[in-house]
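The values are calculated or read from the model by the stated rules, or taken from the named source; none is laboratory data. From a predicted model like this one, the values you see are computed outputs, not experimental measurements. Here Cβ is always computed from backbone atoms with ideal geometry, including for glycine, and neighbour counts include all displayed protein chains.
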Amino acid sequence: MNQRILPYLLVAPAVVFLGAFFIVPLVQTIVLSFDGGGTGNALGNYSRMVNDLNFGVSLRNTFMLVLVVVPLQLAMALAMGMMLQKIERGREMVLWIWTIPLGVSDLAAGLVWLALLQNTGYINSALFHLGLLDGPTPWLNSETPVTLFAAIVLAEVWRATAVVLIVIVAGLQTIPKEFGEAAEIFGAKPWRKFTRITLPLLKPSIQSALILRTVLAFEVFAAVYALGGRNFPVLVGEAYTWQNENQNYGVAAAYAVLIMVISLAATLVWLKALRTNPETQA
Amino acid sequence: MAGIVIDRIEKTFGTAKALDAVSLTVADGEFVALLGPSGCGKTTLLRIIAGLESRSGGRVLIGDRDVSDLRPADRGLAMVFQNYAVFPHMTVFENVAFGLRTKNAPEEKVRRNVMRAAELLHIEPYLERYPAKLSGGQRQRVAVARALAVEPAVLLMDEPLSNLDALLRLEMRADLKRVLQEAGTTTVYVTHDQTEAMGLADRIAVMHSGRIVQCDTPMTVYAAPATTFVGGFVGSPPMNFVPIRNEDGRARLDGFEATAPGTGELLLGFRGEDVRIDAPERGLSFAVAVAEPMGSHVLLTGTIADKLVRVVAPTGIRVAAGERIGIVPDPERVVWMSPETGAALPRIIS
């Protein structure tokens, strides 16, 4: 076998697979979103999307979720990762338990939290029996937007913080312990050690984790759908509704393209904001 | 400036004793090398002095102050690590300044101390660069400068040269000696390389299995090892030990005879270079196995009474493998060891 073409042959199946099942549908979706939806105007689907009542709400909800969930997850993953570093015995076990939610599908996770939080759910019953509630209290309907939002944040944090944690833990393990020891010897207190040594050295990992998590957070849907249904519209939920209930593939495609553009923009923001000078890497 | 007192330090890992009541006193301004094979406890001892490792018992005093329970930063020391531990995301200047910055030293003092340390270590041209652009030797210079910039009472070094290649190590060793003499800092230096310990230290503490087996000046450790282990570990080639029988105060083997302490079976210890080569029937009968010309000398490896022995012969000697020659150790320089304990017996001045 010719050594020069062998590598290309080996990657060819993956390229063909991605081309057939990712790039082609992507292009089709983009084309579909610009088909005008029978209005004769190429941007017809987009104007229909933007003028829909739920568009503004779903855009706002999605951004609010991302802005609350992602920083919260990063902070928690950093705290959990730093705590793990201090554990000597049973470290793998703790990490394993913390990452269990990763194995649960997002819809299942949403349903579990629904069972806990709905007005006939476990938490309601428990609080009622403890005498802390007078009766079944709804938290997840359109009259209780704050608790609904909090419940969705809770479910998302529970479900997907482990992704960030794993990237952070992998990053922490690449930092030689002598850096921390040197910082200690030369007088850095724990917080200073964390902000001046650990965080800067962890920057590439934080960047990867944020890109991964932000893109996924913009695609949030199943957990939201399980907990709030259409009381809490999000972008992917709207795409789903236009596709399946309204049977309007054009507007659904417009939503899909919008989500993709937002994800790409978020990725670019992280790439630029957390750029690491290659010279400053160990 | 301060001395160090290590007082019966113990360290156990599970049931294993890594350090067994180790005591050592380092005088103000003194350079002591902790020398030993890997696993002897030297790095653990250094890390306990630094406060990076917990101890199971004993005390550490720096400048008459008990620092046993203080954080590393409050012990008034600085440390140089084996893998440099120079922060990659900071310029060389900020690395050297790190210890001063954490103490919120005024900018003027930071600048002054950094410049002085940089000058001492010849790293002024790199101050604005990042460590990734530097060679291993330059990075280690940065690590030493970072340690000296805080003007520590005590400097701890953990195998600082072992990651450098041989030539660089030689150069850095000489530079380190000069720099530390100028700074006059009390230094504890961990190494497994006996030439480093010999060349740098005022005193060498030889460690073996969690104990200090001998602590003395390099020349004493070299010439009068306290145990067969020290004799075998310090010096290249290692000291030779040959079993010999002592009857009525005279030890005899082959054609060799000397006044010896004790009675019965002994070990005769001698350095490879402290011998005279003679005719086969005179001195110890040495069966040559290998002759290696080293340029400045010829290294002969062979056996005496079935024991492996290495001696240094002058260049130009004509010996072939398989030959027998006579080896006469200098009676002034031999040591006598107990074969049971491996410990040195008192010398007899003859």
Margin query: Checking A:Met93 against (1) at pLDDT 90 or above; (2) within 20 Å of A:Val157 (Cα to Cα); (3) aliphatic (A, V, I, L, M): exactly one of these is not met. Which one?
Written below: (2)
Next item on the list: Being of a type in the set (Phe, Trp, Tyr) and touching a Gly at 6+ places or on another chain (Cβ under 7 Å) is the filter; apply it to segment A:189-229 and report the residue that is farthest from A:Arg275 (Cα to Cα).
Entry: A:Tyr225
Check: Among A:Ala226, A:Ala239, which is the only one that is within 20 Å of A:Ala162 (Cβ to Cβ) and either part of a helix (DSSP H, G or I) or touching a residue at least 40 places away in the same chain (Cβ under 8 Å) (or both)?
Finding: A:Ala226
Notebook entry, point to check: Hey, among the residues in segment B:54-67 that are surrounded by 17 or more Cβ atoms within 10 Å (Cβ to Cβ) and not aliphatic (A, V, I, L, M), which one's farthest from B:Thr191 (Cα to Cα)?
Noted result: B:Gly58
Notebook entry, point to check: Before we move on, is A:Ala273 within 30 Å of B:Asn104 (Cβ to Cβ) and away from chain B (no Cβ under 14 Å)?
Noted result: yes
Check: So which of B:Pro160, B:Pro131, B:Pro152 is in the same structural domain as B:Thr191 (by TED's automatic domain parsing) and either without any contact (Cβ under 8 Å) to a residue 40 or more places away in the chain or over 22 Å from B:Ala174 (Cα atoms) (or both)?
Finding: B:Pro131
Margin query: Where the second residue is acidic (Asp, Glu) and surrounded by 12 or more Cβ atoms within 10 Å (Cβ to Cβ) and the first is farther than 23 Å from B:Leu253 by Cα and lies in segment B:292-320, which pairs have Cβ atoms under 9 Å and are six or more apart or on separate chains?
Written below: B:His297/B:Glu273
Note to self: When you check A:Trp158 against the structure, is it in a loop (DSSP other than H, G, I, E, B), of a type in the set (A, V, I, L, M, F, W, C), surrounded by 13 or more Cβ atoms within 10 Å (Cβ to Cβ) and under 26 Å from the mean Cα position of the chain (by Cα), yes or no?
What the structure shows: no
Check: If you check A:Ile168, A:Ile197, A:Ile152, A:Ile123, which single one turns out to be surrounded by 14 or more Cβ atoms within 10 Å (Cβ to Cβ) and within 14 Å of chain B (Cβ to nearest Cβ)?
Finding: A:Ile197
Checklist line | Qualifying positions in segment A:20-49 - more than 19 Å from A:Leu264 (Cβ to Cβ) and in a helix (DSSP H, G or I) | finding: A:Ala20, A:Phe21, A:Gly36, A:Gly37, A:Gly38, A:Gly44, A:Asn45, A:Ser47, A:Arg48
Note to self: Name the single residue that is nearest to B:Lys307 (Cα to Cα) among those in segment B:227-260 being within 29 Å of the chain's Cα centre (by Cα) and surrounded by fewer than 16 Cβ atoms within 10 Å (Cβ to Cβ).
What the structure shows: B:Pro243
Notebook entry, point to check: Is it the case that A:Ala209 is more than 23 Å from A:Pro25 (Cα to Cα), touching a Leu at 6+ places or on another chain (Cβ under 8 Å) and part of a helix (DSSP H, G or I)?
Noted result: yes
Next item on the list: Name the one entry in A:Asn231, A:Asn246 that is away from chain B (no Cβ under 14 Å), under 18 Å from A:Asn54 (Cβ atoms) and either surrounded by 22 or more Cβ atoms within 10 Å (Cβ to Cβ) or without any contact (Cβ under 8 Å) to a residue 12 or more places away in the chain (or both).
Entry: A:Asn246
Next item on the list: Using the structure shown, decide if A:Gly56 is within 17 Å of A:Phe149 (Cβ to Cβ) and without any contact (Cβ under 8 Å) to a residue 40 or more places away in the chain.
Entry: yes
Note to self: Take B:Gln181 and tell me if it is of a type outside the set (Gly, Ala, Ser), closer than 21 Å to B:Ile62 by Cα and part of a helix (DSSP H, G or I).
What the structure shows: yes
Next item on the list: Kindly list the number of the only condition in (1) within 14 Å of another protein chain (Cβ to nearest Cβ); (2) surrounded by fewer than 21 Cβ atoms within 10 Å (Cβ to Cβ); (3) more than 32 Å from the chain's Cα centre (by Cα) that fails for B:Ala132.
Entry: (3)
Next item on the list: Would you list the strands (runs of 3 or more DSSP E) that sit entirely within segment B:7-124 and hold 2 or more residues that are within 14 Å of chain A (Cβ to nearest Cβ) and not polar (S, T, N, Q)?
Entry: B:77-80
Item checked: Residue in segment A:201-208 that is β-branched (Val, Ile, Thr), within 14 Å of chain B (Cβ to nearest Cβ), closer than 30 Å to B:Ala97 by Cα and more than 20 Å from the chain's Cα centre (by Cα) present -> no
Next item on the list: Output the number of the condition that A:Met260 fails; it satisfies all remaining conditions of (1) part of a helix (DSSP H, G or I); (2) over 30 Å from B:Tyr84 (Cα atoms); (3) more than 17 Å from the chain's Cα centre (by Cα).
Entry: (3)
Item checked: Scan of segment A:184-194 for residues that are more than 11 Å from chain B (Cβ to nearest Cβ) and either touching a residue at least 40 places away in the same chain (Cβ under 8 Å) or in contact with a Leu (Cβ under 9 Å, 6 or more places away or on another chain) (or both), ordered by number -> A:Phe194
Next item on the list: Filter segment A:111-120 for residues that are assigned to a helix (DSSP H, G or I) and either touching a helix residue (DSSP H, G or I) at 6+ places or on another chain (Cβ under 6 Å) or exposed (fewer than 15 other Cβ atoms within 10 Å of the Cβ) (or both) and give the result.
Entry: A:Leu111, A:Trp113, A:Leu114, A:Ala115, A:Leu116, A:Leu117
